[in-house]
1. For region 72-115, take the alpha-carbon Rg, divide it by the Kirkwood Rh, and send me Rg/Rh.
2. So, for region 24-69, what is the accessible surface per residue at a probe of 1.4 Å, expressed in square angstrom?
3. For region 37-108, compute the orientation-averaged projected area of the C-alpha convex hull (one quarter of its surface), in nm².
4. Short version: ³J(HN,Hα) in whole Hz for each residue of region 120-126, in order, from phi by Karplus 6.51 cos²θ - 1.76 cosθ + 1.60 (θ = phi - 60°), x for Gly and Pro, what are they?
5. Quote to one decimal, in nm, the extra length available between Thr44 and Asn128 on full extension: 0.36 nm per residue of separation minus the C-alpha distance between them.
6. Based on the Cα atoms of the chain, what semi-axes does the equivalent ellipsoid have, where each is the square root of 5 times one gyration tensor eigenvalue, given in whole Å with the largest first?
7. Just the number, please: percent antiparallel of the DSSP beta bridges in the chain, rounded to the nearest 5.
8. Tell me the mean residue ellipticity at 222 nm calculated for the chain from its helices only (DSSP H runs of n ≥ 4, each -39500 (n - 2.57), averaged over every residue, nearest 500).
Amino acid sequence: MAGTGAQDEVRKVFDEMLEAQNAGDAGRLRSMLSERPDAVHIGTDAEEWWTSTQVVDAVAAAGGGDGIRAVADDIDIHVQGDVAWAEGRGRFTSAGGGERPVRMTGVLIREHGQWKVVQSHASIGVPNADIFG
């Protein structure tokens, strides 16, 4: 379903961010992330709490060669002026054919006329009964 013009713009940036990460295209990814020093990107690994520069460096180091791809399946986009947020579900896929559901969120801001990702987060849900079990 098509959204408003701004929603479509934000969805495009969100999708392109995942494509750049999956391809190991650090330069393209850098162009989509905010350079604000307070930008944060949180991954599924406990050690993945990064600035935009650190995410780009990690993608450059991996070069798209880790065999894991992020796919956004059901993402909702919301826009309020120069701030937008996204939330939804997707999956990680492995080169060997495995899949794992993932939850995704992101916050984008309009910087110099372009939407930039200032916050992103991916998590793998764990049943409450399994947290301490």
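1. Dividing the radius of gyration by the Kirkwood radius yields 1.16.
2. I get 60 Å² per residue for region 24-69.
3. One quarter of the hull surface, i.e. the mean projection, equals 5.7 nm².
4. 9, 8, 10, 9, 9, x, 10
5. Result for the pair: 28.5 nm of gain on full extension.
6. Each semi-axis is √(5λ); the values are 23, 18, 15 Å.
7. Here the antiparallel bridges make up roughly 90 percent for the chain.
8. -8500 deg cm²/dmol
The values are calculated or read from the model by the stated rules, or taken from the named source; none is laboratory data. All figures in this text were calculated on a predicted structure; none of them were measured in a lab. To get the accessible areas, we keep the full protein, side chains included, count just its heavy atoms, and leave off ligands, DNA and RNA. Shrake-Rupley method; radii C 1.70, N 1.55, O 1.52, S 1.80 Å.
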